[in-house]
Amino acid sequence: MPAYSITVNGKQCTADVDADTPLLWVLRDTLGLTGTKYSCGVGECGSCAVFVDGALERSCILPISAAEGADIQTIEGLSEDRSHPVQKAWITEQVPQCGWCHSGQILAAVDLLRRNPDPSDGEIDEAMSGYLCRCGTYQRVRKGIHTAAKEVRDGERV
Amino acid sequence: MASVSKVDRRDFLKVTTAAAGGLVVGAHLPLPGEELAAGETLEPNVFVAVEPDGHIIFHTPRPEMGQGSRTGLVMIVADELEVDIDDIEIVMALAGPREVWGSMTAGGSTSIRLFWEPLGDAAAAAREMLVRAAADRWGVETGACSARRGKVVHTSSGRSLTYGELTEYAAALPVPEDPTRKQTREFRYIGGEKDRVDIPEKVDGSAVFGLDFRVPGMKFAVLKRPPVIGGSLRGWDDTETMKVPGVRQVVEFHAGVAVVADHTWAALKGMDELKIDWDPGPHADLSSEGIERQLERDGREEPVVAEDLRGASEIFASAPKRISAVYHAPYISHSPLEPINCTAHVKENEVDVWVPTQAPQTCWSVAEETSGIPREDIRIHTLYSGGAFGRRLTAEWVADAVDISRIIGGPVQIFWDRAEDTMHGNYRPISRHQLEAAFDEEGKWTGWRHRVIAHSTSRSERYETNPNWSALAGAARLEYWWPSALIEWKMSNTPLNTGAWRSVYESQNRFATEAFIDEVAHELGRDPLDLRLELLEGRDARIQTVLETAAKAIGWGRSMPEGRGLGIACTHCFRGRLAHAVEVEVESDGTIRVHRVESAIDPGWAVYPDGVRQQVEGGVALALSVALGEEITVQDGVVQQRTFSEYPILTFDQHPEVNVHIIDGGEPIGGVGEPPIPPLAPAVANAVFAATGVRLRRMPFGKVER
């Protein structure tokens with residue numbers, strides 16, 4: 001079995017897995033990083049989103065062979081201590097209910113704010129519509145993004 | 001009335017895995033019909049432990065699935081025990097006997113309201129014993145001391161002792177019969193704003209849900225059940241499957257076939273490669289079309305009369321004028337985002353199960369049945385659920401995991417992929433509603449009739465000839481004072497598997513009730529809000545209040561621009577009263593946009609107000625998702641929906657602005673999890689009518705056809 005090399009949250013990792021193994025399962029089962037979630041396995045819900053060389057990807061449909069050599073950032077890599085502005089905003093605004101979709105929601109919010117630190121509601125809608133939540137936390141996600149955006153505009157790193 | 005007792009340390013250690021010393025109290029929740037004989041030893045259920053090093057442990061009896069009960073319950077402990085909430089370690093209790101724990105099932109909107117008394121009493125009793133311990137130590141009256149944040153203070157001298165220093169002495173004292181609970185003004189946490197205790201671990205990926213759980217050496221199994229309802233497994237060809245690296249074996253288990261592997265992907269891939277031979281069984285011709293025809297036929301049969309009030313049957317037999325409508329609610333799926341999963345390790349004489357569940361005790365029974373090992377040797381460890389909504393009230397997957405662990409001789413995590421969950425759900429039952437209103441010669445309203453023809457989850461034969469009152473929730477025994485009322489029931493079952501979907505039968509019956517009230521109002525030329533208030537006059541002022549509050553907030557009665565309308569609906573269920581007033585826009589292509597929802601809820605009073613808000617906001621989203629786009633259909637005996645492309649759930653851009661108004665209705669505490677669901681669909685239907693003149697009588701609404 002070939003060994004794939006990836007950097008995950010700044011750490012060099014190797015995975016001895018088949019080429020078609022989705023990155024999601026490499027993260028969860030091979031590397032033990034269970035923060036990234038499975039909800040549909042077909043790229044429709046966003047629970048599995050992770051950064052691959054800075055771009056947000058659906059890891060459930062991204063084979064490891066396509067991620068060879070990439071720099072991956074998962075929910076676990078945002079901060080050591082929940083101090084990332086989006087994480088802080090999620091706590092301030094009490095965003096998650098069950099929490100399952102929020103690794104994806106948070107990274108999607110991070111992605112949006114990295115591109116646009118002052119998003120309008122319409123821009124938030126567009127960025128977030130592919131991230132499903134069953135518990136109905138969308139209103140608080142919107143609030144959380146606005147709260148985090150303020151911090152980012154005040155100079156906090158996203 | 002809850003009875004508090006000390007827990008013997010040996011008993012405490014028997015049911016928990018935490019080492020404890022010092023004072024441990026629990027409370028006995030009397031089961032209905034139970035009486036305590038004089039001198040009878042109580043078995044406490046809810047454990048609050050104060051250890052000699054000052055460590056406080058709260059064993060929470062109810063699973064956390066995002067509904068916030070973990071937080072609401074620990075607030076009660078922190079306040080009554082008089083400690084800082086951050087100093088309490090919360091441990092989810094292992095599944096235990098009903099005589100000890102009462103019901104551990106998180107459902108029916110009961111967690112806060114059923115534990116308010118016993119849990120608060122236990123914590124208050126512990127506090128009083130600790131104060132008494134200090135008073136004894138100092139040789140003073142208990143009245144001269146007070147508990148303050150984990151310490152007892154002697155008021156005049158300022159001397160203090162920590163709970164840790166007092167606990168072993170306190171443990172030897174008698175338990176107060178009638179502990180004094182705090183006054184509202186003394187609450188530090190209850191009734192106030194408090195952050196959820198589990199949110200921090202849910203923003204950094206560290207929270208352990210069922211699917212995240214790991215034990216060394218565990219295998220991963222992907223399961224498949226017969227795609228045709230009622231089908232069975234004939235056999236399989238695993239030639240290609242066994243070639244997938246990581247696949248260990250393919251096994252038949254009690255309900256289908258499983259591919260067992262070293263990791264999840266191998267199991268998924270192996271299942272894809274498996275060539276399975278299914279016997280379709282007796283229901284291969286089942287179709288949604290056929291089910292609909294069955295409901296229509298059964299709707300013409302003689303029903304069971306549930307209510308015949310104020311001469312209704314005579315009135316309907318001879319009414320000169322009437323209006324009628326047929327409403328329809330489809331089968332729907334819970335589809336929580338965390339897929340169905342369970343981890344089990346069956347050893348020779350003991351079993352450990354780790355599972356995201358709403359019902360630990362159901363899992364316990366199922367594990368015992370499946371393994372044949374006595375329940376005293378079975379530990380059910382309840383983990384966080386990634387959503388539930390009623391999905392995780394049953395425990396088929398516990399049987400799956402225990403069965404497969406036993407077969408392979410080691411720990412295994414079983415998992416149903418998204419398609420499997422959608423195809424094999426325990427759906428909300430389908431229902432057809434035949435409504436009629438009768439009027440006299442002058443057009444005065446004389447009668448209300450609602451015939452519920454529904455698939456009944458309880459398939460009991462008794463419902464052929466008796467009303468299923470649970471299945472009539474939201475249709476019968478309502479507070480509305482109908483001029484006369486004929487409520488009828490007809491059971492119409494299909495082979496589909498059904499279960500409790502958040503708010504159960506209220507979610508479909510209330511749609512018909514609250515939408516048809518508007519049809520009657522229209523016929524009478526009456527305002528729908530006014531008509532409801534009149535029907536409730538002298539019957540339930542609290543429902544009137546939630547209606548008026550929601551109506552005021554939405555600006556009821558203002559003139560609306562073209563294509564926009566307001567709608568209102570209410571419910572009283574699960575001890576919560578709630579009204580939604582909505583503003584809806586129907587676009588030129590018929591797309592329904594809900595712009596704003598004003599929700600007024602009277603939950604008695606709110607122990608955890610933000611928890612109430614979360615439940616109402618979340619309930620609106622879930623109910624709107626169902627109203628707009630969800631439907632489970634069947635063709636050739638197979639459920640047609642698989643992933644979110646076939647079963648679309650509400651997306652971010654579809655979510656309205658939701659404003660929650662909490663009304664303090666006083667004691668007793670009511671429920672909040674389910675009341676937000678039933679009135680949402682009818683409020684939207686009513687608003688669409690106001691905007692377009694089109695009645696929406698079938699869920700899912702889809703687009704409005706003008």
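Things worth noting here:
- Ellipticity estimate at 222 nm from DSSP helix runs (n ≥ 4, -39,500 (n - 2.57)) divided over the protein assembly as shown, nearest 500: -9000 deg cm²/dmol
- Interface burial in the range B:173-216 reaches 30 Å² or more for B:D195, B:I199, B:P200, B:K202, B:V203, B:D204, B:G205, B:F209, B:L211, B:D212, B:R214, comparing the full protein assembly with the chain by itself; accessible area from heavy atoms with a 1.4 Å probe.
- About its Cα centre, chain A has a charge dipole of approximately 520 debye under the convention of +1 per Lys or Arg Cβ and -1 per Asp or Glu Cβ, with nothing else charged.
- Database remark: amide H of B:S232 closer than 5 angstrom to the amide H of B:D279, B:G281 (H placed geometrically; neighbours at sequence offset of 5 or more, or on other chains; Pro and chain starts carry no H).
- Beta bridges per DSSP, both residues in chain B: antiparallel share near 75 percent.
- Cα lying deepest toward the dipole's positive end in the protein assembly as shown, options B:Y480, B:T494, B:W278, charges on Cβ: B:Y480
- Centroid-to-centroid, using Cα positions, the range B:235-286 and the range A:22-58 are 24 Å apart.
- Cα-Cα separations in the range A:40-81 greater than 16 Å, expressed as whole percent: 36 percent
- Computed from backbone phi with θ = phi - 60° and the Karplus coefficients 6.51, -1.76 and 1.60, the 3J(HN,Hα) list for the range B:450-461 is 9, 9, 9, 10, 9, 5, 9, 4, 7, 7, 4, 4 Hz; x is used for glycine and proline.
- Total charge dipole magnitude, the range B:301-344, about the Cα centre, Cβ charges on Lys, Arg, Asp, Glu only, Debye to nearest 20: 260 debye
- Sulfur and carbon atoms: percent of accessible area, the range B:304-449 [1.4 Å]: 48 percent
- Antiparallel bridges, percent of DSSP beta bridges restricted to chain A (to nearest 5): 85 percent
- On a per residue basis, the convex hull of the C-alpha atoms belonging to the protein assembly as shown measures out at 183 Å³.
- Per DSSP, loop chymotrypsin sites (Phe, Trp or Tyr not before Pro) in the range B:440-482 with at most 14 further Cβ within 10 Å: B:W469
- Amide H within-cut-off set for B:L383, under 5 Å, with H built and near neighbours excluded: B:V355, B:T357
- Cα-based reach from B:K224 at 24 Å (exclusive), listing lysines while leaving out same-chain residues under 8 positions away: A:K37, B:K243, B:K269, B:K275
- Per DSSP, loop trypsin sites (Lys or Arg not before Pro) in the range B:388-479 with at most 14 further Cβ within 10 Å: B:K444, B:R459, B:R477
- Mean per-residue shielding of peptide A:122-135 is 5, counting Cβ atoms of other chains within 10 Å of each Cβ.
- The range A:77-158 shape via C-alpha gyration tensor axes, a/c threshold 1.5: oblate
- Taking θ as phi - 60° and the Karplus parameters 6.51, -1.76 and 1.60, the scalar couplings of the range B:532-545 work out to 4, 4, 5, 5, 9, 4, x, 10, 7, 5, 6, 6, 4, 5 Hz in sequence order, x denoting glycine and proline.
- Under the Karplus curve 6.51 cos²θ - 1.76 cosθ + 1.60, θ = phi - 60°, whole-Hz ³J(HN,Hα) for the range A:64-74, x wherever Gly or Pro sits: 4, 4, 7, 9, 3, x, 7, 9, 9, 10, 10
- Size of the range B:423-495 from its Cα atoms: along the principal axes, largest to smallest, the extents are 52, 25, 20 Å.
- With all protein chains in place and a 1.4 Å probe, the accessible surface of the range B:619-706 carries 45 percent carbon and sulfur.
- Beta bridges per DSSP, both residues in the protein assembly as shown: antiparallel share near 75 percent.
- Selection from A:V158, A:A127, A:G99 lying farthest towards where the dipole of the range A:82-158 points positive, charges on Cβ: A:G99
- Excluding ligands, DNA and RNA and using a 1.4 Å probe, chains B and A jointly bury around 4600 Å² of accessible surface, summed across both partners.
- Solvent-accessible surface ranking, highest first, for B:R293, B:R70, A:R115 at 1.4 angstrom: A:R115, B:R293, B:R70
- The calculated pair-distance distribution of the range B:457-582 uses every alpha carbon pair, bins of 5 angstrom beginning at 0, and gives 2, 9, 18, 21, 18, 12, 10, 6, 3, 1, 0 percent.
- Solvent-accessible surface of the protein assembly as shown, averaged per residue with a 1.4 angstrom probe and all protein chains in place: 36 square angstrom.
- Under 5 Å between amide hydrogens, built in the peptide plane, is the criterion, and for B:Q67 it picks out nothing among residues at least 5 positions away or on other chains.
- Dipole orientation for the protein assembly as shown: of the candidates B:G618, B:A135, A:V52, B:A135 has the Cα lying most toward the positive pole (charges on Cβ; Lys, Arg +1; Asp, Glu -1).
- Candidates A:G46, A:G35, A:G54, ranked by Gaussian network fluctuation over chain A, Cα under 10 Å, top entry: A:G54
- Apportionment of accessible area to carbon and sulfur, the range B:452-518, percent (1.4 Å): 46 percent
- Sparse-neighbourhood loop sites, trypsin sites (Lys or Arg not before Pro) in the range B:501-587 - DSSP loop, at most 14 other Cβ within 10 angstrom: B:R539, B:R558
- Both radii are taken from the alpha-carbon atoms of the range B:292-342; with Rh as the Kirkwood radius, Rg/Rh is 1.22.
- In a reduced charge model with +1 at each Lys and Arg Cβ and -1 at each Asp and Glu Cβ, the protein assembly as shown shows a dipole moment near 740 debye about its Cα centre.
- Candidates A:G43, A:G32, A:G69: whichever shows maximal mean-square fluctuation once chain A is modelled as a Gaussian network with Cα springs under 10 Å: A:G32
The values are calculated or read from the model by the stated rules, or taken from the named source; none is laboratory data. What you see is a predicted model; the values in this text were computed from it and never measured. Reconstructed Cβ throughout: ideal geometry from the backbone, glycine too, with neighbour counts over all protein chains shown. Surface areas here come from the heavy atoms of the whole protein model, side chains and all, with no ligands, DNA or RNA. Shrake-Rupley method; radii C 1.70, N 1.55, O 1.52, S 1.80 Å.
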